[in-house]
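Participant: Sharing a structure with you now.
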């Protein structure tokens, strides 16, 4: 007489658990890469010859004013105090902070602009050090986005979506390319200390629905660079090793029955943290740098946590094989007293940003390191609030803004895209207004998704192929949009 079938014996979990070398093993292997610690080269994808191996993103949180830094408008200065022409605005929406203003007086930049280098790039007097590397930069003046407020705009720039919860750019790169270093995280985050301004959330460097090993790891100033990395008092290195081995054995037992890839990721993170106990103090020791480094980056680089010190650390991390370094510098949200505040911000960031590019080039790293400098959107040509001799502010402006890139395969000495005489709308080569859309590529205009697609191409990744199935659909950094801007690639 035959025995009745055991329902548990036919369950999918039991089948996969007993078939570790079959379907379950294949699935787990595809998630983890070449070894149990997930240090592989990422998923199998169509590839392009990579021009960049790593990224350093200098994110200027709060939105720097393009009108006062990279996009000179002499007519705007001439029309200072006059009303913004209705035809220029064209019915475009304003934020709640200036929509109720009865007057929108034009505010020309109080800062002088000049051309620099063989490329003749225009830059403000606020950027004397950046001006010296003008011929190394690819300046994009025709960026645009949909988001008109900081949180969704910053989230969009970092994750490709205005809604929170998607993986960050650094996480996608980690997922697509894997780690190139066994002793340091593949994605490190550095935040300037003591800066006020728009808040920064950990989700900006989060892994979203990707495996947790792809999230950014914040390095902090001070004795404890990474939280909870140090052994507690009274614990020896040998004892920590024995405890970690015992924990790994328990986790591996759980992995055989649960088939949860996060268990293997947890093991990998424990092992990485153990190795980081020696690698992090070494890579973050700026005391090993010669005096010439601080002469190049500025004396602020001697103070841990400053933007300048973080730029030096970013270079050291890049040298050590970290694939993605994200710097955040707050304080660019100038709704009032812009002339004084933007001068201070530029002084804090200009020398170190330029020094980073110069330093990478001296060390032979710039060629395959993509450096990005910019914020989440631009600022208005008109004054938010009263326009006075003492000062003024600029509101948010998503219709056009500027940023720059260097190294990593971008065209050096290029200024791409144009805006109208008010830096309010993007125009074509003949000065005619463009009405760009994220749904189509318009030459001369660069949507955030277009820029992200171009960054991926520089890293050798097809942005349409690098995706992850979640909640019944496939997601990617560029969502369902994005076109590679070939004119930006050398």
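Each reported figure results from applying straightforward, stated rules to the coordinates on display, with no laboratory input. From a predicted model like this one, the values you see are computed outputs, not experimental measurements. So basically every Cβ, Gly included, is an ideal-geometry build from the backbone, and we count neighbours across all protein chains shown.
Participant: Calculate, for residue 114 and residue 320, the FRET efficiency according to 1/(1 + (r/R0)^6) with r their C-beta to C-beta distance and R0 41 Å; round to the nearest 0.05.
Facilitator: With a Förster radius of 41 Å, E is 0.60.
Participant: Would you mind giving the average projected area, over all directions, of the Cα convex hull of the range 267-391 in nm² with one decimal?
Facilitator: Convex hull of Cα atoms, orientation-averaged projection: 10.5 nm².
Participant: So what is the relative contact order of the range 248-395, in percent, for Cα pairs below 8 Å that sit 6 or more residues apart?
Facilitator: 19
Participant: With contacts defined as alpha carbon pairs under 8 Å and 6 or more residues apart, what's the relative contact order of the chain in percent?
Facilitator: For the chain, the relative contact order is 27 percent.
Participant: I'd like the distance between the alpha-carbon centres of the range 222-297 and the range 69-136, rounded to an integer number of Å.
Facilitator: Each part's Cα centre sits 47 Å from the other's.
Participant: Here's something else I'd like to know. Project the alpha carbons of the range 199-283 onto their principal axes and report the range along each, largest first, in whole Å.
Facilitator: Principal extents (Cα only, largest first): 40, 36, 19 Å.
Participant: Here are a few candidate values for Rg and Dmax of the Cα atoms in Å: (1) 23.8, 85; (2) 24.7, 100; (3) 25.7, 85. Which one was actually calculated from the structure I just gave you?
Facilitator: Calculated Rg and Dmax of the Cα atoms in Å: the matching label is (2).
Participant: Please give, to one decimal in nm, the separation of the simple spin-label points placed at residue 242 and residue 362, each 7 Å out from Cα toward the Cβ.
Facilitator: 4.9
Participant: Can you give me the distance in nm between label points at residue 100 and residue 151, each placed 7 Å from the Cα along the Cα-to-Cβ direction?
Facilitator: Distance between the two pseudo-spin positions: 2.1 nm.
Participant: Using Cβ counts within 10 Å as a stand-in for footprinting exposure, how do 57, 401 rank, fewest first?
Facilitator: So the residues, fewest neighbours to most, are 57, 401.
Participant: Would you list 454, 358, 236 from fewest to most Cβ contacts within 10 Å?
Facilitator: Lowest to highest Cβ neighbour count: 236, 358, 454.
Participant: Still on this structure: With angles folded into 0 to 90 degrees, how steeply does helix 150-159 sit against the dominant principal axis of the chain? Use alpha carbons for both and round to 10.
Facilitator: That works out to roughly 50 degrees.
Participant: I'd like the distance separating the alpha-carbon centroids of the range 437-490 and the range 306-379, in whole Å.
Facilitator: 24
Participant: I need 138, 400 ordered by Cβ neighbour count within 10 Å, fewest first.
Facilitator: If I rank by nearby Cβ atoms, fewest first, I get 138, 400.
Participant: On to the next question. First measure r as the distance between the Cβ atoms of residue 262 and residue 389, then evaluate 1/(1 + (r/R0)^6) with R0 = 56 Å and state the FRET efficiency to the nearest 0.05.
Facilitator: 0.40
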